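A short write-up of the structure that comes next.
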Amino acid sequence: MRLPRGMAALCVLACVTACSGPPPAVTPPAVPPPPATTSHPPTPARTTTSPPPAFVSPAEVTAACPFVTVDDITHAIGGSWSATAVEQPAEKDSFLCTYKSEFHDAAAFQLRILVPVGRSPRGLSADIAKSCAKSPVAVPGTGDAAFHCQGPDQDIDGIAEKQTRIVVTKTSHGRTRAGVLDLHTIRDDVYVALAKLLGERL
């Protein structure tokens, strides 16, 4: 049986639509994420500063204060200390530096550098040890002989204060040298640190 021309066209159109199905979905192209940003400022290049030049033991001793400065003592104590180092008139083979605190008229600490003729370091150390109120405590590995001990009391503004005496003797530049540092009684680690510093600088 033949269909009318209009009905045949409708059948063809329905068949095409049913067979083809819906058009495929179109995926949009991927959008790259924006570049990451940070709120931190750029890190500046690291700079290093050279340490201060080390103290060089002089061939001839002319003063005591350069051997141990106020900053050296402050660093060893581990606190703040306002004082002034004052070089005293030199005697024969003996140089004296006093460290005066701003709170006292008398010298709080003092350092004596001895450069005797014809003495051995150990013999000189033994003689200085006779001034100790108690037995000396050796500081090994420092100079030829080193120790700290309870020294003579010092009168500070009318009050007798306990003192510790640090002694280092060694041969340096062909002569015997000794450093005798008197300071308030503090801590053993302070005495050892200052003894080693004296040993390096004598």
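The numbers here are math on the coordinates, done by the rules we state, and not lab data. No experiment lies behind these values; they were computed from the predicted model shown. Note that each Cβ is placed from the backbone with ideal geometry, even for glycine, and that neighbours are counted across all protein chains shown.
Overview of values
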read-out: Angstrom value of the Kirkwood radius, inverse mean 1/r, which spans all Cα pairs in region 57-150; value: 15.0
read-out: Dipole moment magnitude, nearest 20 debye, region 48-202 about Cα centre, only Lys, Arg, Asp, Glu C-beta charged; value: 660
read-out: Cross-link reach list, lysines versus LYS100, counting only Cα pairs under 20 Å and skipping chain neighbours closer than eight places; value: LYS162
read-out: Pair ALA138, GLN88: separation of 7 Å Cα→Cβ label points (nm); value: 3.1
read-out: Where GluC sites (Glu not before Pro) fall in DSSP loop in region 97-202, at most 15 other Cβ within 10 Å; value: GLU102
read-out: Projected label distance in nm at ALA59 and ILE186, using a 7 Å step from Cα toward the beta-carbon; value: 3.4
